[in-house]
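Colleague: Just dropping this structure here.
The values are calculated or read from the model by the stated rules, or taken from the named source; none is laboratory data. Just so we're clear, the structure is a prediction, and the values are computed from it rather than from any experiment. Neighbour counts are summed over all protein chains in view; Cβ atoms, including those assigned to glycine, are modelled from backbone coordinates with ideal geometry. These accessible areas exclude ligands, DNA and RNA; they are computed on the full protein's heavy atoms, side chains included. Shrake-Rupley method; radii C 1.70, N 1.55, O 1.52, S 1.80 Å.
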Amino acid sequence: MELVFEPLPQDEGSWVGRIIVGRIKTILPGLFAFIDIGDKKNAFTNLKAGHGLKAGQAVLVQVQKDALGTKGMYVNLETSIKGRLVVLVGDSRAVGISRKIEDKKEALRLKKLVRRSLPADCGAIIRTNAVGACDTEISEEIQRLSGIYAALISRAQFVRPPAVLYPKTRDYSILADLLTEDMEIHIRENEVENEIRQKICELVPTLASKIFSTPVCLDKKIQNALAKRVPLPCGGWIVIEQTEACVVIDVNTGSNVGKLNYAQMILDTNLEAAAEIALQLRIRNLSGIIIIDFISMQSKHDQETLLDTFRTELEKDRIRCEYLSFIGLGMVQLSRRRIRPPLGEVVAAGYLEI
């Protein structure tokens, strides 16, 4: 379903989520600031009118996007600590809620529970995993996150910028996104196995009895995830091309030529391609503008069926996809938010060996 890579060395790979004491280098009139956070390129952020910040000032920031091309990392002056049920937001009193929680009664119940447990100087975002959670589960997680946040704020007053405050060890925050109570965990035996077990049990105690040591080998799956051509069950295939400006995906019928009528064969091939493309976007972590050249269909009904299927498959993605629409000649355009480097870049940079 998804291939997530987290480098073990602190100074390699993605910086997304790190909370850093940086130093403002330059403030531009258009309300942009460039900040030294210890990387080769200065990070940048948007400022609000009346921000009151000055060049040379130390400032607490959190990385939102990794560097891309000539651009440095994008950082935010609002910092947060991610849990499995809630995200604790510093210097805020607002309580937000995931758009995926559509039950209004449940949303109201969760907001009341969270407000009851929050410290006075923090807000929160309620995550989808919180649905059905009890008062104890929520209050214990908020207490744990509040302790982490209070400790890093205290430490921020005494460090010399630039300095990483959080995480100080390996970052397992991705577990907060992925873990659910109904899963089984298989961990490869290595030097960090016990550390991973401890973090999983901390986030979801009920998983303690469902963690197993397993010989895991992902090399073949990663190689497949880098292939330019991906076969479809029907005999067709898709071709994925990463360009500097966008990702282009072409759908081909291949050997799927004929047991059904032509229009139905085209629709079936496109539907299989839509499911596979949504999967490949997640596995390869492709982002930015994505243009898909589906096989052209004349029927408006078939076009809507394809878009509905594609939307359903894209909803499985943790990263938001937007602007899904036909742009003519059977082509569909969408955009997927970039947070971390794509798998191809990770392998090319040598962070992941296969």
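Colleague: Given the residues Y166, Y149, Y172, which is the only one that is of a type in the set (F, W, Y) and more than 21 Å from V61 (Cβ to Cβ)?
Modeller: Sole residue among the options that is of a type in the set (F, W, Y) and more than 21 Å from V61 (Cβ to Cβ): Y172.
Colleague: Please note which strands (runs of 3 or more DSSP E) are completely contained in the range 138-253 and include at least 3 residues that are surrounded by 17 or more Cβ atoms within 10 Å (Cβ to Cβ).
Modeller: 163-166, 237-242, 247-252
Colleague: Restricting to the range 1-20, count the residues that are modelled with pLDDT under 75 and closer than 30 Å to Q157 by Cβ.
Modeller: 9
Colleague: If you check Q223 against the conditions, is it within 21 Å of F326 (Cα to Cα) and in contact (Cβ under 8 Å) with a residue 12 or more places away in the chain?
Modeller: For Q223, the condition - within 21 Å of F326 (Cα to Cα) and in contact (Cβ under 8 Å) with a residue 12 or more places away in the chain - is not met.
Colleague: Further, regarding this structure: List every residue pair whose Cβ atoms lie under 9 Å apart, where the two residues are 6 or more positions apart in sequence or sit on different chains, the first residue falls within the range 190-208 and is without any contact (Cβ under 8 Å) to a residue 12 or more places away in the chain and within 17 Å of G83 (Cβ to Cβ), and the second residue, located anywhere, is in a helix (DSSP H, G or I) and open to solvent by 70 Å² or more (accessible area, probe 1.4 Å).
Modeller: As it stands, the answer is none, since no pair meets every condition given.
Let's see how each residue does on (1) small (G, A, S); (2) under 17 Å from N224 (Cβ atoms); (3) surrounded by fewer than 19 Cβ atoms within 10 Å (Cβ to Cβ):
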{"site": "L267", "(1), (2), (3)": "no, no, no"}
{"site": "L286", "(1), (2), (3)": "no, yes, no"}
{"site": "L307", "(1), (2), (3)": "no, no, yes"}
{"site": "K316", "(1), (2), (3)": "no, no, yes"}
{"site": "L329", "(1), (2), (3)": "no, no, yes"}
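Colleague: I'd like the full set of residues that are open to solvent by 40 Å² or more (accessible area, probe 1.4 Å) and among the polar types (S, T, N, Q), limited to the range 53-96.
Modeller: Q57, Q64, T70, N76
Colleague: Same structure again: Given the structure, is A33 open to solvent by less than 70 Å² (accessible area, probe 1.4 Å), under 24 Å from the mean Cα position of the chain (by Cα) and without any contact (Cβ under 8 Å) to a residue 40 or more places away in the chain?
Modeller: no
Colleague: Is it the case that C122 is open to solvent by 20 Å² or more (accessible area, probe 1.4 Å) and touching a Leu at 6+ places or on another chain (Cβ under 8 Å)?
Modeller: no
Colleague: Looking at this structure, is G50 open to solvent by less than 50 Å² (accessible area, probe 1.4 Å) and either at pLDDT below 95 or out of contact with any Lys or Arg (no Cβ under 6 Å at 6 or more places or on another chain) (or both)?
Modeller: Criteria not met by G50.
Colleague: For the structure I just gave you, tell me whether I27 is touching a His at 6+ places or on another chain (Cβ under 9 Å) and open to solvent by 20 Å² or more (accessible area, probe 1.4 Å).
Modeller: Taking the combined requirement at face value, the residue satisfies it.
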